[in-house]
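Below: one structure, written as C-alpha cells.
The values are calculated or read from the model by the stated rules, or taken from the named source; none is laboratory data. For clarity, every value in this text was computed on a predicted model and none was experimentally measured. Note that each Cβ is placed from the backbone with ideal geometry, even for glycine, and that neighbours are counted across all protein chains shown. Just the protein is used for accessible areas: all its heavy atoms, side chains included, with ligands, DNA and RNA removed. Shrake-Rupley method; radii C 1.70, N 1.55, O 1.52, S 1.80 Å.
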Amino acid sequence: MNSERLAKIISAVLHPFILLIPVLLAAIYASKLNLQSSLYFFAISVMLYFLIPFVSFWYLVKRGKISSFEHEKREERPAIYALITACWLAAAFVLYVLNAPKQMLFLILASAIVGVALTLITLRWKISIHAAFFTVFMLWAILVFGWIAAWLIIPLLLTVWARQKLKYHTMSQLLAGIFLSTIVTWLVNWVLK
C-alpha cells in the first residue's frame, strides 16, 4: 500500500462525521445515566448533532452542490458549515434546556462554537475541519476521562499527516484548526465548571 492510499484511508476513517457517534457514546458513558435517560439524550443528540447534518451533507454531495465528501474546495464549505453549525447550536440549546449532563453539553457546545468560528474563517481562508474537530474530541476526552485519553494525540497526528499528504491542507491550516479548537474547548470547559 502506498502512502497516498494510506492517507486516504486515515482521512476517511477519522472524518468528523465518522467520529460523531463514537464520541456521543463516550459522552453518554461519561454521564453515568440510567438506560432510559441515556437513550433519551442519545436520541436527541444523534438527531441534531449527527443525523440532520450528515444527511444534509450527503444530499449536497449527491446533488453535486459539494464536489466530494472531502469538501476540499473552500468556496463550497461555508453553506454546509453554517447548516451543520446551526444544528449543533440547536443541539446545545436543547440539551441545556433539558438539563442534559454536563459532559454532553460540553462536547456539543464546544463543537458548535468551533463550528461558528470555522464557518466565519472559511469565508476567507481554508482551515482544517478534520484537525479542528479531532482536537475538540481529544481535549474533551482528556478533560472528561483524564490523561488516560491522551493516546488520542496519535490519531490527531495521523489526521494531520494524512490531510497534508493528500494536499487538502497546508500545515498552517492544520495547525490553525488545532489551535482554534484548543482555545475554544478549554474556554467552554472553564465556563461550564
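Cross-link reach is defined here as a Cα-Cα straight distance under 27 Å, omitting same-chain residues fewer than 8 places apart; for Lys193 the lysines meeting it are Lys32, Lys102. Assuming charge only on the beta carbon of Lys and Arg (+1) and of Asp and Glu (-1), the dipole of region 76-193 about its Cα centre is about 220 debye to the nearest 20. Which FRET efficiency, nearest 0.05, do Val94 and Lys193 yield, Cβ-Cβ r, R0 22 Å? My answer for the efficiency is 0.50. If you take percent of Cα pairs over 27 Å apart from the coordinates, which of [x] 25; [y] 30; [z] 50 do you get? Given [x] 25; [y] 30; [z] 50, the structure-derived one carries the label [x]. Accessible surface computed residue by residue for the chain, with neighbouring protein chains in place and a 1.4 Å probe, gives 51 Å² per residue.
Full extension of the chain between Ile21 and Trp125 gives 34.6 nm of extra length, using 0.36 nm per residue less the Cα-Cα distance. Within straight cross-link reach of Lys62, meaning Cα distance under 23 Å, which lysines are found once same-chain residues fewer than 8 apart are removed? Hits, sequence-local ones excluded: Lys8, Lys73, Lys126. On the basis of the beta-carbon distance and an R0 of 22 Å, Ile148 and Leu35 show a calculated FRET efficiency of 0.30.
Please go through region 102-193 and write out the chymotrypsin sites (Phe, Trp or Tyr not before Pro) that DSSP classes as loop and that have at most 12 other C-beta atoms within 10 Å. Walk me through the intermediate numbers first.
On the way: sites: Phe106, Trp125, Phe133, Phe134, Phe137, Trp140, Phe145, Trp147, Trp151, Trp161, Tyr168, Phe179, Trp186, Trp190; in loops: Trp125, Tyr168.
Counting only loop positions with at most 12 other Cβ atoms within 10 Å, the chymotrypsin sites (Phe, Trp or Tyr not before Pro) in region 102-193 are Trp125.
Could you pull out the trypsin sites (Lys or Arg not before Pro) across region 1-58 that fall in loop regions by DSSP (anything but H, G, I, E, B) with no more than 16 other Cβ atoms inside 10 Å? It would help to have the intermediate numbers written out before the result.
Working: sites: Arg5, Lys8, Lys32; in loops: Lys32.
Taking region 1-58 and a limit of 16 other Cβ atoms within 10 Å, the loop trypsin sites (Lys or Arg not before Pro) found are Lys32.
Sparsely packed loop sites in region 52-82 (the chymotrypsin sites (Phe, Trp or Tyr not before Pro) outside DSSP H, G, I, E and B with at most 14 other Cβ atoms within 10 Å) comprise Phe69.
Computing the accessible area with a 1.4 Å probe over protein heavy atoms, can you report the carbon and sulfur percentage for region 72-193?
Numbers: 4170 of 5730 Å².
Ligands and nucleic acids excluded, carbon and sulfur reach 73 percent.
What are the membrane-span-like helices in the chain by this rule: whole DSSP H runs, Cα extent along the axis at least 24 Å, mean Kyte-Doolittle hydropathy at least -1.0?
Membrane-span-like by this rule: 77-97, 102-122, 171-192.
How much length is gained if the chain between Leu6 and Ile183 is pulled fully straight, taking 0.36 nm per residue apart and subtracting their Cα-Cα distance, in nm to one decimal?
Working: separation 177, 0.36 × 177 = 63.72 nm, distance 3.03 nm.
Stretched out fully, the Leu6 to Ile183 stretch lengthens by 60.7 nm.
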